[in-house]
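The values are calculated or read from the model by the stated rules, or taken from the named source; none is laboratory data. On a predicted model such as this, the values are computed, not experimentally measured, just so you know. Heads up, the Cβs are rebuilt from the backbone with ideal geometry, glycines too, and the neighbour counts pull from every protein chain shown.
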Amino acid sequence: MGAHPRARRRLLLLLAAVGLMLAVVVTSAALRTPRIKGAMSKRVVRWERALPGQEGLDPETLAQVSRILERGGAETFLVVRGGRLVHEWYAPGWNAEQRHYTAAQAKAVVASPLVWLALSDGYVGFDDPGSEHLPSWRSDPVRSKILVRHLLSHSSGIENVEFTAGEAGELGGWQGAYFEQPATRFRSAVEEVPIIFTPGSRYAYSGVAFYALAYVLGRALEAAPERDFEALLRDRLMRPLGIPDEAWEMSYGESYDAEGIPLRAVGSGAGFTARALARVGQLFLDEGRLNGQEVVSGQQLRRLLSPRRLPPFHEGHEADPVPAGGWWTNASGAWASLPSDAYAGIGRGGQMLLVVPSLDLVAVRSGRGMNSENCFLDCPYESEMFEPLMNAVVGSGSRER
């Protein structure tokens, strides 16, 4: 026998109400977490995943770190331990497909890998004078003293140009011309920018020095099979690491010509997805080994990341982390909650790629400024990211056992 008509209507109304509730839940979830376009997405970097507890991390504490970072303007936060992705969070409107600008973090994820490759292949030496590759420096009594490692560690003496001042229209003279004319920055960095202290004697941040470094690398790679920086990184590192071409970019998407040499900006103008950044960090943590094979020299990496603490040229920078190889190291204990072997790629506005070899851990934070859109080394990394993240470490990772 069929159901009573009134009972059947009640059942239909109940089913309709349940369906509406499910639709609301699904829609709400979709609004909170932007969907990734599935397996066909060209920008998603694949990672083996693990539960936080499997890698000695507390999931509730990691979730708390995400909330702290979100309040401070973060748009992405992920953690890798034991070579596996254990925590991944995105603010509304962000997901694993989207590239985020790196600002000066490019020095760690573009310039440093390029120099690492050039060192490994023998095209440049860490203690080479830049004048070996730049003839115009040979007769200059000061510039002739600049070594490759000085350019990488902010100890060359090449004066910096504050881009924040340029964006505010506050630069004039050579600095204004440098800021406004990207195509001439390479030549300007090599020939025109003043040297403010004896190379190797002091430390002062210099993004300009990385344009000089690009010129040195361009000259050094003239005899290499691949001279274009982007193609070299793509074919030797990014693709082997499983980073799709669409998941990263460099040099503001531009290439420049300097006396027939193809040059690209290596210290700024990059964009990476959070997963792509973590993959680069993992290669550094693993000292150049990928799937059990050394794809770039671990010995050269150890030289690249050997910090030399120098007195700061500018007042107020005594407590800065120690620069080395395009990264910032914790050799001085600047970040009290982190082990001394930790190092980080840092960009304006709180862009952070953290590598902690002794904990087998990599973490990425991208977003807006933590306390200011223009904070850099002075962002509150310690209170808002490092210390809370270290509180999440409750045991050993799988590769440490």
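So if I check each of S144, S153, S139, which one is in contact with a Gly (Cβ under 9 Å, 6 or more places away or on another chain), at pLDDT 95 or above and over 27 Å from T329 (Cβ atoms)?
Answer to the check: S144.
Criterion first (closer than 17 Å to A392 by Cβ and either in a strand (DSSP E or B) or within 18 Å of the chain's Cα centre (by Cα) (or both)) does V65 satisfy it?
no
Restricted to the stretch 83-96, and to residues that are among the small types (G, A, S) and surrounded by fewer than 20 Cβ atoms within 10 Å (Cβ to Cβ), which residue is nearest to C375 (Cα to Cα)?
Per the criteria, the residue is G93.
More than 19 Å from the chain's Cα centre (by Cα), assigned to a helix (DSSP H, G or I), farther than 14 Å from P113 by Cα and not β-branched (V, I, T) - does that describe any residue in the stretch 245-267?
The answer is no; no qualifying residue exists.
Scan the stretch 272-280 and tell me whether some residue there is more than 28 Å from L361 (Cβ to Cβ), assigned to a helix (DSSP H, G or I) and modelled with pLDDT of 95 or more.
Among the residues of the stretch 272-280, not one is more than 28 Å from L361 (Cβ to Cβ), assigned to a helix (DSSP H, G or I) and modelled with pLDDT of 95 or more, which makes the answer no.
Among the residues that make up the stretch 253-265, is at least one of them within 16 Å of R236 (Cα to Cα) and either buried (at least 16 other Cβ atoms within 10 Å of the Cβ) or not hydroxyl-bearing (S, T, Y) (or both)?
Looking for residues that are within 16 Å of R236 (Cα to Cα) and either buried (at least 16 other Cβ atoms within 10 Å of the Cβ) or not hydroxyl-bearing (S, T, Y) (or both), one finds none in the stretch 253-265, hence no.
Quick check, is R219 under 22 Å from F126 (Cα atoms) and basic (K, R)?
So R219 passes the test.
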